[in-house]
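Asker: I have a structure I would like to understand better, so I am pasting it below and will then ask my questions one at a time.
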Amino acid sequence: MRPLLLLDIDGPLNPYRAKQIPPGYVHHEIVEEEKAWVVLLNPQHGVELNALADTFDLVWATSWEHGANRLLGPLLGLPQLPVIMWPSRESVSRTRRGSWKTPYVAEWAADRPFAWVDDEVNRYDRLYLDNAHPAPHLAHRVEPHRGLLADDFAVLRTWAQSTA
Ligand SMILES: [Mg+2]
């Protein structure tokens, strides 16, 4: 079974904590109807992710939900991807110590192996997934002031090889 690659945007692809625009990134102002966002995106990420699509099935795992395909994927040269839809904010438990996304990620992935890049995953999420998700999984933290780096892509490739 091909592994999933679950992609958070804010943090891994948009390093929102960066004090300056990191090398390789482009500053984008996105406007849609009454809303506006500022994001930093690195076109090289699109190249790397499209290359990883030979191994993984890419999936958006971001609170941008369908906005990822509509607003951000095209800026990175990514095709339309499946989107994990989250429950309403009110129904999400905020008492967990890990990421609020984790139970929903496990549920969405069902029995498939997955790697997940997110700036909020921590050891509590890894413990949760070790218990809740029997298939191979990797919850890989990406620092939100740095975004995805070459080392992170290497980790994903190595993990995919180890589970093949
Ligand atoms: Mg994030």
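The values are calculated or read from the model by the stated rules, or taken from the named source; none is laboratory data. This one's a predicted model, so the numbers in the text were calculated from it and none came from an experiment. When we count neighbours, we look across all protein chains shown, and the Cβ atoms used for this are built from the backbone with ideal geometry, even at glycine. Surface areas here come from the heavy atoms of the whole protein model, side chains and all, with no ligands, DNA or RNA. Shrake-Rupley method; radii C 1.70, N 1.55, O 1.52, S 1.80 Å.
Asker: Any chance you could run the full-extension gain for Val31 through Ser88? It's 0.36 nm times the residue separation minus the Cα-Cα distance, nm to one decimal.
Answerer: 18.2 nm
Asker: So, with a 1.4 angstrom probe, what is the percent of accessible area on segment 71-164 that is carbon and sulfur?
Answerer: Ligands and nucleic acids excluded, carbon and sulfur reach 53 percent.
Asker: Per 0.36 nm of contour for each residue apart, how much would the distance between Tyr16 and Ala150 grow if the chain were fully extended, relative to their Cα-Cα spacing?
Answerer: 46.4 nm
Asker: Okay, next question. Out of Arg97, Arg17, Arg141, any idea which swings most in a Gaussian network model of the chain, alpha carbons joined below 10 Å?
Answerer: Answer for the Gaussian network model of the chain: Arg97.
Asker: Taking only C-alpha pairs under 8 Å that are 6+ residues apart, what is the relative contact order of the chain in percent?
Answerer: Rounded, it is 31 percent for the chain.
Asker: DSSP loop (so not H, G, I, E, B), at most 16 other Cβ within 10 Å: list which chymotrypsin sites (Phe, Trp or Tyr not before Pro) in segment 1-99 pass both filters.
Answerer: Qualifying residues, ordered by number: Tyr16.
Asker: Counting heavy atoms of the protein chains only and a 1.4 Å probe, report the per residue accessible area for segment 4-163 as a whole number of Å².
Answerer: With all protein chains present, segment 4-163 gives 51 Å² per residue.
Asker: Oh, and also: Alpha carbon centre of segment 41-78 versus segment 96-133: separation in Å?
Answerer: 20
Asker: FRET efficiency for Arg112 and Glu143, Cβ-Cβ distance as r, R0 = 22 Å, nearest 0.05?
Answerer: Rounded to the nearest 0.05, the efficiency is 0.25.
Asker: With 10 Å bins from zero, work out the P(r) of segment 4-163 over every alpha carbon pair and list the percent per bin.
Answerer: In whole percents, the pair-distance histogram is 10, 41, 37, 12, 0.
Asker: Extending each Cα 7 Å along its Cβ direction at Leu75 and Thr95, get the distance between those two points in nm, one decimal.
Answerer: Result for the modelled spin labels: 3.8 nm.
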